[in-house]
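Asks: First the structure, then my questions, so here it is.
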Amino acid sequence: MFRNRPDGPLRGPLAWLLTALVLGGCGPAPEGGRFDAEQLDANWSTGHLEVHFTQRLQLSPEARDALQHGVPLTVGVELVLRDAHTQNRIRRERSFYEIRYLPLSEHYQLARIADDGQDEVRTFPRLRHVLAELSDLRLSVETGALPGGEYELLARSYLDKHKMPPPMRLPVLFSPRWTHESAWTSATLEIEPGA
């Protein structure tokens, strides 16, 4: 006779083990950090878009621990300007900010990574001061001449997982504890014809 399940003393402990595994997987998923976009304002004037982006940033315990152990974290801010009616993308701009912990001075360093290699670096006594600095950003985007009409500006922020050190990239990509990304937020922009 064929039997699919064990008899005897293993049957009880095996059932308890399977039940514990199944119920353990039903708990709440571990949370990553929170990046929440709060407000987006923009003004356009003679080929330049001045953007004011406010957000709330909170790092997960894993990200804070990595930072304390010498892993730099890169926060990206992405802006997309598009035509409000056709949804055609006109301009896409990304800015990157690197956060480092300096163990000898016990300070944090924030560097805006520029395309031309001229990084702007500032030092702060606490991580909360760095996150506060990133929570209120003023950005300038060169758009060139734009025809009059209605435009939509989209913005989001995220922890750039691809800029992590190579040994951490794969685990970070798949771990829910490393999910640091805001939803897209938008603002409408009206440009007068002939402006």
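Every read-out reported here was derived from the displayed coordinates using simple, explicitly stated rules and does not represent laboratory data. Please read these numbers as outputs of a predicted model, since none were measured by experiment. Quick reminder, even Gly has a Cβ in these numbers, built from the backbone with ideal geometry, and neighbours come from all protein chains shown.
Asks: Specify, per residue and in Å³, the volume enclosed by the convex hull of the alpha carbon atoms belonging to the stretch 34-191.
Replies: Considering the Cα atoms of the stretch 34-191, their hull volume per residue is 123 Å³.
Asks: What distance in nm separates the two pseudo spin-label positions at residue 52 and residue 87, each 7 Å out from Cα along the beta-carbon direction?
Replies: In this crude spin-label approximation the distance works out to 3.0 nm.
Asks: Under a Cβ-only charge scheme (Lys and Arg +1, Asp and Glu -1), can you give me the dipole magnitude of the stretch 120-161 about the Cα centre, in debye to the nearest 20?
Replies: About 360 debye.
Asks: Any idea which of 84, 186, 95 is furthest toward the positive side of the dipole for the stretch 34-191, if Lys and Arg beta-carbons carry +1 and Asp and Glu beta-carbons -1?
Replies: 95
Asks: While we're here: Mind checking the dipole of the stretch 34-191: about its Cα centre, +1 per Lys or Arg Cβ, -1 per Asp or Glu Cβ, Debye to the nearest 20?
Replies: So the dipole magnitude of the stretch 34-191 works out to roughly 600 debye.
Asks: Run the quick spin-label model on residue 68 and residue 138: label points 7 Å from Cα toward the beta carbon, then report their separation in nm to one decimal.
Replies: 3.5 nm
Asks: A further question on this structure: Below 14 angstrom from the Cβ of residue 53, what's the summed charge of the other residues (Lys, Arg +1; Asp, Glu -1)?
Replies: Around residue 53, the charge tally is -3.
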